[in-house]
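The values are calculated or read from the model by the stated rules, or taken from the named source; none is laboratory data. Quick caveat: nothing in here was measured; it's all calculated off a predicted structure. Note: ideal-geometry Cβ built from the backbone for every residue, glycine included; neighbour counts use all protein chains shown. Areas reflect the complete protein model, heavy atoms only, side chains present, ligands, DNA and RNA absent. Shrake-Rupley method; radii C 1.70, N 1.55, O 1.52, S 1.80 Å.
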Amino acid sequence: MGTQLSKRNMKVKRLVVKVGTSSLVYPSGGLNLRVIDQLAFVLSTLCEQGKEVILVSSGAIGVGLNALRLKERPKEISEQQALASIGQSKLITMFNQRFAHYSQTIGQLLLTHDVFDFPASNQHVMDTFDKLLARHVVPIVNENDSIAVDEMDHRTKFGDNDQLSAIVATHVDADLLIMLSDIEGFYDQNPLKHDDAQLIPTIHHIDDETYAVAGGKGSRYGTGGMVTKLTAAKIMLQHNSQMILASGKDPAIILDILAGKPLGTWFTPEEKGVVQNGK
Ligand SMILES: Nc1ncnc2c1ncn2[C@@H]1O[C@H](COP(=O)(O)OP(=O)(O)O)[C@@H](O)[C@H]1O
Ligand SMILES: N[C@@H](CCC(=O)OP(=O)(O)O)C(=O)O
C-alpha cells in the first residue's frame, strides 16, 4: 500500500474522460445537473490550460427513460433506440448550455463500430477529432444508439461505452483515459457484496484472476459493471497507455488526478507506473 501515499507521475496533453450513466442520472431518474455543470467547468478549465480533451458520455437511454417517465428499460430494441434518440438530444442540449456558460465550444460525435473497421471512415473520424481538438473544441462522444445494431458480418454496436472510450482513446493516442463511475476504483472483491473489500491502487496486468473479482453493474442504469471497465483497461495497457478508474461523484477529482494525487485505481504499464516519492 506504499504507493497510496506517493504522487503519480502524470504528463497529460491529450485526455479522454468517460462518464457513466450512474454519475449523470440520479437513481430516481432525474439528471444530475451538479455533475454535468462541474464536468463542464473542469473540462473547460483544462482546455483553457492548453490540454486536448474528449468526453465520452453515456446517458442517452437513462435520460430518455426519465423524459418519458418510464421506470424500466423496455425490452424491445426499437423502443430503446427511440429512447436514446430522445435522451441524447436532451443530454447534448444540457452539455451545450453548461459548456457555453464557461465559454467552451463542444462538438457531438455519435459513433458506430464499423466506423473503426473501414479505413476510409476511420480516417475521416480521426480527421474530425483532429480538427475539433486543433480548434480547442471538446468533442462529446456517444455510441449512436438509435441506429446501431449487429447483423450478419456487419458489426455496428460497441456494446458499452467503457470499450468505446478505450477504442477512442487508443485511436487518438490519448495520454490518459479517466473513467468516472459510481465507485472509487477497482476493489479486490465486489464492494456491494463485501464490506471488507479493499481498493487496489495500481494494476499493471489484467488476467483471469483480475476478472474473477470483477462483478456486475452497481445501479439499474449501469450496463457492464466492472468487467467492461477491465476490458477497457486491457485495451489501454495493450496500447502501452494508461487508465484511471475513479468516482464521478465530484468531477473536480479530474484536476486532482492530473496533479498526480493517488486517487482511484491506476492501470498502467510497469515502466510508466513510476511514482515520485515524498512529493
Ligand atoms: N471488484 C469490483 N470493484 C469495484 N466495483 C465493482 C467490482 N465488482 C463489481 N463492481 C460493481 O461495478 C459497479 C460499476 O459499474 P456500472 O454500474 O456499470 O457503472 P457505470 O454506470 O459507471 O458504467 C460498481 O458500482 C460496483 O457495484
Ligand atoms: N450508449 C448508452 C450507454 C451505454 C453504457 O455503456 O452505459 P454506462 O454503463 O452507463 O456507461 C447510452 O448513452 O445510454
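Based on this model, can you work out whether residue 87 counts as more than 28 Å from residue 12 (Cβ to Cβ), touching a strand residue (DSSP E or B) at 6+ places or on another chain (Cβ under 6 Å) and open to solvent by less than 10 Å² (accessible area, probe 1.4 Å)? Spelling it out, it is not the case that residue 87 is more than 28 Å from residue 12 (Cβ to Cβ), touching a strand residue (DSSP E or B) at 6+ places or on another chain (Cβ under 6 Å) and open to solvent by less than 10 Å² (accessible area, probe 1.4 Å).
When you look at residue 35, is it outside any helix (DSSP H, G or I) and under 25 Å from residue 163 (Cβ atoms), yes or no? So residue 35 does not fit the description; no. Scanning region 159-168 turns up no residue that is open to solvent by 20 Å² or more (accessible area, probe 1.4 Å), closer than 22 Å to residue 44 by Cα, in contact with a strand residue (DSSP E or B) (Cβ under 9 Å, 6 or more places away or on another chain) and of a type outside the set (Phe, Trp, Tyr). Looking at residue 70, is it in contact with a helix residue (DSSP H, G or I) (Cβ under 8 Å, 6 or more places away or on another chain), open to solvent by 60 Å² or more (accessible area, probe 1.4 Å), at pLDDT below 95 and not basic (Lys, Arg)? The answer is yes for residue 70. Check whether at least one residue in region 38-49 is among the acidic types (Asp, Glu) and closer than 24 Å to residue 136 by Cα, and report yes or no. Yes, there is a match, as at least one residue in region 38-49 is among the acidic types (Asp, Glu) and closer than 24 Å to residue 136 by Cα.
For region 254-279, the tally of residues that are modelled with pLDDT of 85 or more, over 15 Å from residue 201 (Cβ atoms) and not small (Gly, Ala, Ser) stands at 4. When you look at residue 190, is it near ligand 1 (Cβ under 8 Å from one of its atoms), buried (at least 20 other Cβ atoms within 10 Å of the Cβ) and either within 10 Å of the chain's Cα centre (by Cα) or farther than 25 Å from residue 239 by Cβ (or both), yes or no? Spelling it out, it is not the case that residue 190 is near ligand 1 (Cβ under 8 Å from one of its atoms), buried (at least 20 other Cβ atoms within 10 Å of the Cβ) and either within 10 Å of the chain's Cα centre (by Cα) or farther than 25 Å from residue 239 by Cβ (or both).
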